[in-house]
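Notes to accompany the following structure.
What follows draws every value from the coordinates through simple rules; no lab data is involved. Note that the structure is predicted; figures quoted are calculated from it, not measured. All Cβ positions, even for glycine, are placed from backbone atoms using ideal geometry, and neighbour counts span all protein chains on display.
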């Protein structure tokens, strides 16, 4: 099977999440397309399909139905396809991919079939990490049409996007939980991404050494993962307990959880399968009220390193061999922690997914224009 992914605002991070998820499950694939926010993978197992709800950084997904070398071949496929691509006589549809030359082709095909089909252009905007902006069409059916310009006469990939990420369900779950820390807690989207980057699977033990009010822990138990949360802030642990008890009551979960108010430099003798965490990005653990100067930023990074090295060394003592640590580091403009020094002091190395014919290089920047401090996402092993 060839699966299409319409990636979110940080396509490189979304791609890294997908590759890590697949590698953790032994799913072999190769990359066919990675352009703008589109990724197409071909699986060795023709029956495999990744459920979009397992991910945090993907907007839509679907499958390639046909590959054409010419417009004539595509026209023949659209008119001879066994089973309707859009099972309705009157509908709206959206097109994703590099499809500008092929828009008229699909509209004419539907017209020839006696269908009243209206092409919807994007009204919802998404701003990417590199500040580019794209529009997402709101339509009843979504198709993918992409012409590979790197190949002479360009292969045209056509597919249907039949999986949509359930933002409303995730948003409602996040907004209704008893305790929220809006300026500090990470989103469910990023929590899911970190868990998938850690390669934690159902039934395994995931550690969050800076668990806060439990954002990562919640997404973990929702995935059937057993979680262990630690935070030095007693109020945060109390909030996390309330949130997890609420999740346990409102949802059917298969993962278990344990919470402790403690300093993560003194982690108990666990044997964890994975680590996923959002570290304190500021010295106080609170949101910044003003833009740090260069001098202040340098001091912040040095302070962060002094805190993280002993914690990472303790994690190395308790994690299973090969266990991944998906973690955030602070970034203020060009000022970042000295990753080379941290690796040397802890013996850790940066991880690169290798299950397709492409590579992801960490750290990956994750930021927003209105933030004084942003984050780099890294995976250590």
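Take the Cα of residue 112, step 7 Å toward its Cβ, do the same at residue 269, and the gap between the two points is 7.3 nm.
Remark: spin-label model distance residue 36-residue 104 equals 2.0 nm, labels positioned 7 Å along the Cα→Cβ axis. By the beta-carbon count within 10 Å of each Cβ, the least crowded to most crowded order of 39, 270, fewest first, is 270, 39. Residues of the stretch 108-122 falling in the label zone of residue 79, defined by backbone nitrogen less than 11 Å from a point 7 Å along Cα to beta-carbon, are 109-110, 112-113.
Can you put 316, 211 in order, fewest other beta carbons within 10 Å first?
Values: 316 14, 211 29.
If I rank by nearby Cβ atoms, fewest first, I get 316, 211.
Using only the alpha carbons of the chain, what is the convex hull's orientation-averaged projected area in square nanometres? Display every interim value, and only then the final one.
Working: hull surface 80.1 nm².
Averaged projected hull area, Cα only: 20.0 nm².
Spin-label pair residue 343-residue 252: with each label point 7 Å from Cα along the Cα-Cβ axis, the two points sit 4.5 nm from one another.
Measuring how big the stretch 2-165 is from its alpha-carbon positions, Rg and Dmax come out at 15.7, 46 Å. For the stretch 169-380, the direction-averaged projected area of the alpha-carbon convex hull comes to 11.9 nm². A full extension of the chain between residue 291 and residue 72 corresponds to an added length of 73.1 nm, given 0.36 nm per residue minus the alpha carbon distance.
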